[in-house]
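Working notes for the structure below.
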Amino acid sequence: MVAWYGDRKSHWLSRFRPWIYSLSIAVYCTSWTFFGTVGQAGENPWAFLPVYIAPIIVFVFFWRVLARMILVAKREHINSIADFIGARYGKSQGLAVLVTLISVVGILPYIALQLRGIMMGLELIAPDLLQAHGYGKFHLSWLVVVALAGFTVLFGTRHIDNTEHHRGMMMAIAFESIVKLVAFLAVGLFVLFSVSGRADVSLVNEAVESYASPNLATLFIHIVLTMMAIFCLPRQFHTIVVENERASDLHTARRVFPIYLVLMGLFVLPIAWAGNALLSGVSADNYVISLPLALGADSVALLAFIGGVSAASGMVIVSTIALAIMVSNDLVMPLLLRRMRLSSHNFRLFAGRLLVVRRVLIVLLIAGAWFFYRALDAVGTLSAIGFLSFAAVTQFAPALLGGLYWRQGNRNGVYVGLTVGFVIWLITLMNQTGVLAGDATSNFLLGGHHTSGVAFIP
């Protein structure tokens, strides 16, 4: 409904464009941010900080890098991170294809994380729903996939636009950003007021008991790595760079988005401390919904579930659209162009075929994420799955930033760096999740991630 209204009233809504743009960037806050950061804070009070500090640093101190990316993208008509990197190294089609392939394989586990977050919420908020209607978890997960794919196809591929602006969809994403913020603040306030008068719960005592001295070196490294994710994640590149209609909108975003993140992180620690005190034996990832349920506030728990679904669905929609654009532009379109000689007569036919291709790609991508969702059961926490995607896409950072500021960058060096990095990622990470072989608990990278309790990306 919101996306439809945004498409129909795009001219009237143009006065709110800077705010819509700023709030759409909050697609950064996924189900990991909504559920997983509380889980991390429950184990280590420093664990969730990189998720919030890193993007704030980027938008406050390094916004000129984003501004330069937007300027270059507009000047060269770039509409994906794959095209951006390829264009900065001699308009290399092969390099764009490599970035596209790494992005698809790297982001599918992250989309799977969102499906897992939605399913986790459904199991908590309506535990008897499946049995009452005779459905299993398998069937319900497919219903979620169909709903997400349907909305994405409906509002992400309505027409072909060389600017790749999706005003209705961005309106919906901005609205979802408000929903998840309001929901998280509501849960935080409710928990804070509910436990403040209880004799059996002391947030101060929980804070003292859970305190651990931070590893400053590790914390610094994780903040830097998460900063890279702001530039490298396809969904962030799409919302910040591709969907930017006026460069001046970034000036609003660099004020609004940091404030949004501060508000989003305001109650992470209180919720985590209250959960540790009241919900012994419950997964900390579930605290945002489980705490209101335990305190008898079903309506607050339902609001938390809606917020979590908003966080997850926004990421899935924008990520699949960004990936579909990359695959269609860099893999499918060259094949179509070889078979069709474009003219004013058959351009409409070409555009129609490209739309169909993108719709099919969106369905295939979300279906592929569902298979990852089924395969990643061996990985216990939301943050561990997110790290898989983080490790894949941050490999783009040297090529992206180097191409932005260093004209003498070597294309072959980028090829070698990305290829070697991707192979290492595939062997040492994916092999240990059970997707290829092995056991997730034996992976020293994932194991170290759990031990430190520090997230790399929301």
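Brief remarks follow.
- Within segment 400-424, the residues that satisfy the criterion of being part of a helix (DSSP H, G or I) and loosely packed, with under 13 Cβ neighbours inside 10 Å are Tyr405, Asn412, Val416, Val420, Val423, Ile424.
- Hey, Thr394 among the hydroxyl-bearing types (Ser, Thr, Tyr) and modelled with pLDDT of 85 or more or not: yes
- Of the helices (runs of 4 or more DSSP H) lying entirely inside segment 32-91, those containing at least 1 residues that are over 30 Å from Leu331 (Cα atoms) span 37-43, 49-61, 63-75.
- Elements of type helices (runs of 4 or more DSSP H) in segment 113-219, at least 1 residues being at pLDDT 75 or above and not β-branched (Val, Ile, Thr): 137-156, 167-196, 203-210
- Selected residue (only one of Leu293, Leu266 is surrounded by fewer than 22 Cβ atoms within 10 Å (Cβ to Cβ), under 21 Å from the mean Cα position of the chain (by Cα) and within 12 Å of Val187 (Cα to Cα)): Leu266
- Here segment 24-71 is the region considered, the condition is being polar (S, T, N, Q) and crowded, with 24+ Cβ neighbours inside 10 Å, and the residue that is farthest from Ile118 (Cα to Cα) is Ser24.
- Residues in segment 137-151 that are without any contact (Cβ under 8 Å) to a residue 60 or more places away in the chain and either closer than 26 Å to Val356 by Cβ or among the aliphatic types (A, V, I, L, M) (or both): Leu140, Leu143, Val144, Val146, Ala147, Gly150.
- Failed criterion for Phe237 (all others in (1) part of a helix (DSSP H, G or I); (2) at pLDDT below 80; (3) under 22 Å from Leu361 (Cα atoms) hold): (2)
- Taking (1) crowded, with 19+ Cβ neighbours inside 10 Å; (2) modelled with pLDDT under 80 in turn, Met1 satisfies each apart from (1).
- Taken as a whole, the condition of being at pLDDT below 90, touching a helix residue (DSSP H, G or I) at 6+ places or on another chain (Cβ under 7 Å) and either among the hydroxyl-bearing types (Ser, Thr, Tyr) or within 30 Å of Ile306 (Cβ to Cβ) (or both) does not apply to Gly90.
- Qualifying positions in segment 75-100 - touching a residue at least 40 places away in the same chain (Cβ under 8 Å) and surrounded by fewer than 17 Cβ atoms within 10 Å (Cβ to Cβ): His77, Gly90, Gln93, Gly94
- Cβ-Cβ under 7 Å pairs, at least 6 apart or on other chains, segment 282-298 side closer than 15 Å to Gln40 by Cα, far side surrounded by fewer than 18 Cβ atoms within 10 Å (Cβ to Cβ) and hydrophobic (A, V, I, L, M, F, W, C): Tyr287/Leu279
- Here Leu23 meets each of (1) within 30 Å of Ser213 (Cα to Cα); (2) in contact with a Ser or Thr (Cβ under 9 Å, 6 or more places away or on another chain); (3) modelled with pLDDT of 95 or more with one exception, condition (1).
- You will find that of Tyr260, Tyr211, the residue that is touching a helix residue (DSSP H, G or I) at 6+ places or on another chain (Cβ under 8 Å), among the aromatic types (Phe, Trp, Tyr) and either in contact (Cβ under 8 Å) with a residue 60 or more places away in the chain or buried (at least 24 other Cβ atoms within 10 Å of the Cβ) (or both) is Tyr260 and no other.
- Enumeration of residues in segment 241-297 that are modelled with pLDDT of 90 or more, of a type in the set (S, T, N, Q) and under 18 Å from Phe48 (Cα atoms): Asn286
The values are calculated or read from the model by the stated rules, or taken from the named source; none is laboratory data. Everything numeric in this text was worked out from a predicted model, so none of it was measured. As a convention, Cβ positions derive from the backbone with ideal geometry for all residues, glycine included, and neighbour counts pool all protein chains shown.
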